Amino acid sequence: KRTKVVDLLKDAALIGSEVLAKGWVRTRRGNKHVQFVQLNDGSTIKNIQIVFDMAKFTDEELKPVTTGSSICVRGLLVESQGKGQTCEIQAESLEVYGTADVESYPLQKKGHTLEFLREIAHLRPRTNTFGAVLRVRSTLAFAIHKFFNERGFQYLHTPLITASDCEGAGAMFQVTTLDLNNLPKDEEGKVDYSQDFFGKPTALTVSGQLEGELGATALGQIYTFGPTFRAENSNTPRHLSEFWMIEPEMAFYDITDNMDLAEEFVKYCINYALEHSLDDITFLQEMYDKDLIDRLKFVVNNDFVRLSYGEGVKILEESGRKFEFPVHWGTDLQSEHERYLVEEHFKKPVILTDYPKEIKAFYMKQNEDGKTVRAMDVLFPHIGEIIGGSEREENYDKLLARIEELGIPMKDMWWYLDTRRFGTVPHSGFGLGFERLVLFVTGMTNIRDVIPFPRTPGKAEF
Ligand code: ATP
Ligand code: MG
Ligand code: MG
Ligand code: MG
């Protein structure tokens, strides 16, 4: 059985024993007496060095061992003389699984730009950078499940195919089994969905929240963690067409409980990554962002600032700063505004509450003032909005009035309103965009670089 590179490098008890290592060759160098191969198997950012004594191997045998080829090596694990290496393998036998042609393997040289690597997203997981990012991503996904599991939340699976537009933003991908080139029409010329597999217009979900509320008002505390889809044509470093969202929903939580949970949650995840992925985070810091670990520790060790949207807007108006989008009471904040508050004004993460109801979704609990809702957005340095949440309107009449005021068709909402019709309770929840958390923890600057296969307008091939 093979031993993973991460264990070869860590487990001192293995020194002096015969081991089997399998992986992909990063580099080979040496002379006619001895050849050194750096082998990586994806289990860690580090490589294990394989030493080939050329008295035991022929040049012909080593010839296919080039950058990107896959090999299996049996040999003795010994302490290394070279600096920066703890141990190395003295090769006794070699098997080459697959070659990688020197002319055509695109990851030949080091130091490709992130832009170039996006063009070869199918191969970039084999680079140090994407190995590190994807391991941090996996660590964070595990931390999320661990956090909620430790607190007694149930993991609820919400549907991806749905007929309801939760955010009311109208940015949904249509799902149909109809022939798009030959759509059946009714007498008025409208598309006749009764012939569709789903019998009505359906789409991919933008959020699992509405179904999450059904779960919370039965199980008490739930979270979702799954893909969501938004057909918004935004080409920004913070938006994807397909992204993963974590949405906890809690019965009997008010907005303050909700803020407390959100703050505890993100701090927990960042701490967990610092503990379990420090090698990868350190590599990313050295490569791209010298302040990364300081920034992560700073967020974990400081209380987030909490203030109302109104107070936040006042600070922005009085800042004297020329923003690309001017800001006044009623504007939806852009990343430039959010980052000003966090990075320049408070120099701490910020939770803004009590937004104008016009710029927030229909389900949020209305305040007494008739103008604002109990929303909360968590704003982070380097990112802007990382979490959006709220206390939900639990009063049936008020919720119905708001739905009617906004002209949302009632026939789509009767099932959701039943949560308020039968045994309604105060409840709250929030949504964290998983890739924004991964962006923050890895210090990467473009969201396309923290998901294995990014989907953005016009990009869905691999
Ligand atoms: P933004 O203002 O950045 O467009 P939003 O307010 O439209 O975000 P919400 O509907 O509040 O987003 O969704 C909850 C969370 O999901 C956001 O706080 C963010 O972390 C994440 N998110 C939203 N849209 C996207 C997207 N297109 N790509 C990646 N993450 C997203
Ligand atoms: Mg948006
Ligand atoms: Mg927003
Ligand atoms: Mg939001």
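Values in this text are rule-based calculations from the coordinates and carry no lab data. Everything quoted here is computed from the prediction, not taken from an experiment. Here the Cβ positions follow ideal geometry from the backbone for every residue, glycine too, while neighbour counts run over all protein chains shown.
Modelled this way, with points 7 Å down the Cα-to-C-beta line, the labels at GLN334 and ASN149 are 4.3 nm from one another.
Does anything in the stretch 155-181 have its amide N under 18 Å from the 7 Å Cα→Cβ label point of ALA460, and if so which residues? Counting only backbone N, you get 160-163, 170-181.
The C-alpha atoms of the stretch 236-312 occupy a region whose extents along the principal axes are 43, 33, 28 Å, arranged from largest to smallest.
Only the Cβ atoms of Lys and Arg (+1) and of Asp and Glu (-1) were treated as charged; on that basis the dipole of the chain about its Cα centre amounts to roughly 1600 debye. The calculated 222 nm mean residue ellipticity attributable to helices in the chain amounts to -8500 deg cm²/dmol, summing -39500 (n - 2.57) over DSSP H runs of n ≥ 4 and dividing by all residues.
Just add up the charged neighbours of GLY215: K/R +1, D/E -1, any other residue whose Cβ is under 14 Å from the Cβ of GLY215. Taking every other residue near GLY215 into account, the sum is -4. If you take the Cα centroid of the stretch 117-151 and the Cα centroid of the stretch 2-78, the two points sit 25 Å apart. Taking Cα centroids, how far is the stretch 346-361 from the stretch 206-242 in Å? So the two Cα centres are separated by 19 Å.
Shape class of the stretch 1-135 from the Cα gyration tensor (axes a ≥ b ≥ c, square roots of the eigenvalues): oblate, since a/c reaches 1.5 or more and a/b does not exceed b/c.
Angle check, please: helix 292-301 long axis (alpha carbons) against the longest principal axis of the chain (alpha carbons), in degrees 0 to 90, nearest 10. Taking Cα atoms only, the helix is inclined about 50 degrees. For trypsin sites (Lys or Arg not before Pro), the sites in the stretch 190-244 that DSSP calls loop and that have at most 12 other Cβ atoms within 10 Å are LYS190. The Cα atoms of the stretch 282-358 give a gyration tensor whose axes a ≥ b ≥ c have a/c of 1.5 or more with a/b greater than b/c, which makes the shape prolate. Our estimate of slack between GLU368 and ASP192, defined as 0.36 nm per intervening residue step minus the Cα-Cα distance, is 59.0 nm. Normalised by the number of residues in the chain, the average gap of Cα pairs under 8 Å and 6 or more apart makes the relative contact order 14 percent. Classify the chain: rounded, prolate or oblate, from the alpha-carbon gyration tensor (a ≥ b ≥ c, eigenvalue square roots; a/c under 1.5 rounded; otherwise prolate if a/b is larger than b/c)? Prolate is the answer for the chain, as a/c is 1.5 or above and a/b outweighs b/c. Given +1 at the Cβ of Lys and Arg, -1 at the Cβ of Asp and Glu and no other charges, the dipole of the stretch 282-422 around its Cα centre is 220 debye to the nearest 20. Consider a paramagnetic label point 7 Å from the Cα of ALA55 along Cα→Cβ; state which residues of the stretch 14-45 have an amide N under 17 Å from it. Counting only backbone N, you get 31-36.
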